[in-house]
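Student: Have a look at this one.
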Amino acid sequence: MISSHALDLAQTLVRMNTVSQNSNLELIHFIRDHLAKLGVKSRLTYNADKTKANLFATLGEGKASGIILSGHTDTVPWDGQDWTMDPLSALVKDGNLYGRGSADMKAFIGIAVSHAEQFLASDAPFAVHFAFSYDEEVGCFGVKELIADLRDANIRPLACIVGEPTSMVPAIAHKGVYRYKCCVRGKEAHSSLTPHSVNAIEMAARVVGRVRDMAEGFERDEPRFEGFDVPFSTASVGQFHGGIADNVVPRDAEFRYEFRDLPTANAAQMQSEVVAYARSLEPAMQKVAPQTGFSFETICEIPSFLGSKDDAVTRLAQELSGEKGTTLVAFGTEAGLFKNAGIPTVVCGPGSIQQAHQPDEYVSLEQLGRCEAFMQGLASTKAFG
Ligand SMILES: [Zn+2]
């Protein structure tokens, strides 16, 4: 069962509205001030207009290196969802803590922070770092700044535990999420004069067809990565807009698409293939009208993650959670970014992704109790590696 101190902190964080489009400073300042009372200084890194911040703190100053507990402070919105309660109420009912962000992933952050004193008093050979980011839900933008700051400050953590909801089972892989927008500029004309026009929709459709061909290629040819529900990379077009009237050759079209690449695949190469194909269509378009062509915009690039059963941090997470196995998850996290920065990483946190982003999101008190035991175990760990 979770202690009232830890539950209190989790509830306090759930009650703060940190939907990604809003500022998260109330929450960040709350944690900063909480840690300051314990004599712990926080490093804050901000977004461009200083409305959002990441927090990084080290508990166990003077120790050579530390293990990161990582979480994102932002949540998805609840507009249009059918909640039976206030999403910010942090209601405890029927053995669950309800609220937006309860599972994804404020309870993990709250329980971690509620153990700050234990981490400070710990005689573990490593420090514990808190790394709490902004804008994960909209593309993992905040943590990139946080990781760059660690590099600049020459802070080299030993390992990282990302507390996304895995039902406390250590997860060692997920796919990446790469999203792009493609805008096509054509040349409009009366639809009886097509040879003097460049049809933006038709050109866009050719590239959409290429994305579809690639998706079929992944399904047909890609070496399988067993353990994922879909054991190959996927590609998909999510939005398409274009045209103004039946008798006008459209000047503009745009579409958005994504790749979810296996940890063993290469998303950058997938995107290069799309761009190269679009470029190959441009000479014919520009013969009709030189101003025509394609432009691409990156929406988000969240790298895939591949840890290892043999990593010390995976074994530590197994020991602390009491789980013998490991799992793979279907959702993107910040784990790949930490891993790509040279920090061995595992994903392990309370609650289930089934409840995340849903109306009446919740995390069970049983899961929170397991998370608390995990933190207590971390504070009393005697060796690592
Ligand atoms: Zn999350």
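The values are calculated or read from the model by the stated rules, or taken from the named source; none is laboratory data. From a predicted model like this one, the values you see are computed outputs, not experimental measurements. Glycine gets a Cβ as well: all are built from the backbone with ideal geometry, and neighbour counts include every protein chain shown. Protein only, heavy atoms only, side chains kept; ligands, DNA and RNA dropped before computing areas. Shrake-Rupley method; radii C 1.70, N 1.55, O 1.52, S 1.80 Å.
Student: Here are some conditions: (1) without any contact (Cβ under 8 Å) to a residue 24 or more places away in the chain; (2) over 24 Å from C140 (Cα atoms). L38 meets all but one. Which one does it not meet?
Tutor: Of everything listed in (1) without any contact (Cβ under 8 Å) to a residue 24 or more places away in the chain; (2) over 24 Å from C140 (Cα atoms), L38 misses just condition (1).
Student: Out of V92, V40, which single residue is farther than 30 Å from Y180 by Cα, of a type in the set (V, I, T) and open to solvent by 40 Å² or more (accessible area, probe 1.4 Å)? Reasoning before the result, please.
Tutor: Details: V40 fails: open to solvent by 40 Å² or more (accessible area, probe 1.4 Å).
Answer to the selection: V92.
Student: Now for a different question. How many of the residues making up the range 329-344 are away from the ligand (no atom under 16 Å from the Cβ), farther than 13 Å from I161 by Cβ and part of a loop (DSSP other than H, G, I, E, B)? Outline the logic, then answer.
Tutor: Quick first cut of the range 329-344, residues away from the ligand (no atom under 16 Å from the Cβ) only: 339-344.
Within this subset, residues satisfying the condition of being farther than 13 Å from I161 by Cβ are 340-342.
From what's left, part of a loop (DSSP other than H, G, I, E, B): 341-342.
Counting residues in the range 329-344 that are away from the ligand (no atom under 16 Å from the Cβ), farther than 13 Å from I161 by Cβ and part of a loop (DSSP other than H, G, I, E, B) gives 2.
Student: OK, next. Quickly run through the range 201-241 and pick out the residues that are under 18 Å from D252 (Cα atoms) and without any contact (Cβ under 8 Å) to a residue 60 or more places away in the chain. Can you show your working first?
Tutor: Let us first name the residues in the range 201-241 that are under 18 Å from D252 (Cα atoms), namely 201-209, 237-241.
Once the filter is applied, which keeps residues that are under 18 Å from D252 (Cα atoms) and without any contact (Cβ under 8 Å) to a residue 60 or more places away in the chain, the range 201-241 yields I201, E202, A204, A205, V208, G209, V237, G238, Q239, F240, H241.
Student: Is at least one residue of the range 357-366 within 14 Å of A159 (Cα to Cα), in a helix (DSSP H, G or I), in contact (Cβ under 8 Å) with a residue 40 or more places away in the chain and in contact with a strand residue (DSSP E or B) (Cβ under 9 Å, 6 or more places away or on another chain)?
Tutor: So the first thing to find is which residues in the range 357-366 are within 14 Å of A159 (Cα to Cα), and the list is none.
Within the range 357-366 (the criterion being within 14 Å of A159 (Cα to Cα), in a helix (DSSP H, G or I), in contact (Cβ under 8 Å) with a residue 40 or more places away in the chain and in contact with a strand residue (DSSP E or B) (Cβ under 9 Å, 6 or more places away or on another chain)), the answer is no, since none of the residues qualifies.
Student: Six or more apart or on different chains, Cβ under 7 Å: which pairs go from a residue in the range 370-385 that's within 18 Å of G110 (Cβ to Cβ) and of a type in the set (A, V, I, L, M, F, W, C) to one that's modelled with pLDDT of 95 or more and open to solvent by 70 Å² or more (accessible area, probe 1.4 Å)? Could you list them?
Tutor: A379/Q118
Student: Name the residue that is least open to solvent (accessible area, probe 1.4 Å), counting only residues in the range 69-87 that are under 22 Å from the mean Cα position of the chain (by Cα) and away from the ligand (no atom under 16 Å from the Cβ). Let's see the steps before the verdict.
Tutor: Taking the range 69-87 and keeping what is under 22 Å from the mean Cα position of the chain (by Cα), we get 69-79, 81, 87.
This time we only want the ones that are away from the ligand (no atom under 16 Å from the Cβ), so: 79, 81.
Details: D79: 128, Q81: 58 Å².
Per the criteria, the residue is Q81.
Student: Identify all residues within the range 285-328 that are aromatic (F, W, Y) and within 16 Å of the ligand (Cβ to nearest atom); write none if there are none. Walk me through how you get there before you give the answer.
Tutor: Applying the first criterion (aromatic (F, W, Y)) to the range 285-328 yields 294, 296, 305.
Correct list: F305 only.
Student: Have a look at V162, V138 and point out the one that is of a type outside the set (G, A, S) and buried (at least 18 other Cβ atoms within 10 Å of the Cβ).
Tutor: On the way: V138 fails: buried (at least 18 other Cβ atoms within 10 Å of the Cβ).
After ruling out the rest, the residue left standing is V162.
Student: Oh, and also: Among the numbered criteria (1) at pLDDT 95 or above; (2) open to solvent by 10 Å² or more (accessible area, probe 1.4 Å); (3) at positive phi, which single criterion is violated by G351?
Tutor: The single condition G351 does not satisfy is (2).
Student: Next up: Quick one: which of F331, F296 is open to solvent by 20 Å² or more (accessible area, probe 1.4 Å), at pLDDT below 95 and touching a strand residue (DSSP E or B) at 6+ places or on another chain (Cβ under 7 Å)?
Tutor: Details: F296 fails: at pLDDT below 95.
None of the other options fit; the residue is F331.
Student: Return the residue satisfying two criteria in turn: it lies in the range 98-125 and is open to solvent by less than 10 Å² (accessible area, probe 1.4 Å) and of a type in the set (S, T, N, Q), and of such residues it is farthest from G385 (Cα to Cα).
Tutor: For the range 98-125, the residue satisfying everything is S102.
Student: Just to verify a result, which residue in the range 189-232, among those that are farther than 16 Å from T264 by Cα and not in a helix (DSSP H, G or I), is most open to solvent (accessible area, probe 1.4 Å)?
Tutor: The residue in question is H190.
Student: Further question: May I ask you to say which residue of E361, E319, E366 is of a type in the set (D, E), closer than 23 Å to D229 by Cβ and modelled with pLDDT of 95 or more?
Tutor: None of the other options fit; the residue is E361.
Student: Go through (1) over 20 Å from D152 (Cβ atoms); (2) open to solvent by less than 40 Å² (accessible area, probe 1.4 Å); (3) among the aliphatic types (A, V, I, L, M) one by one and return the number of the condition I28 breaks.
Tutor: For I28, the exception is condition (1).
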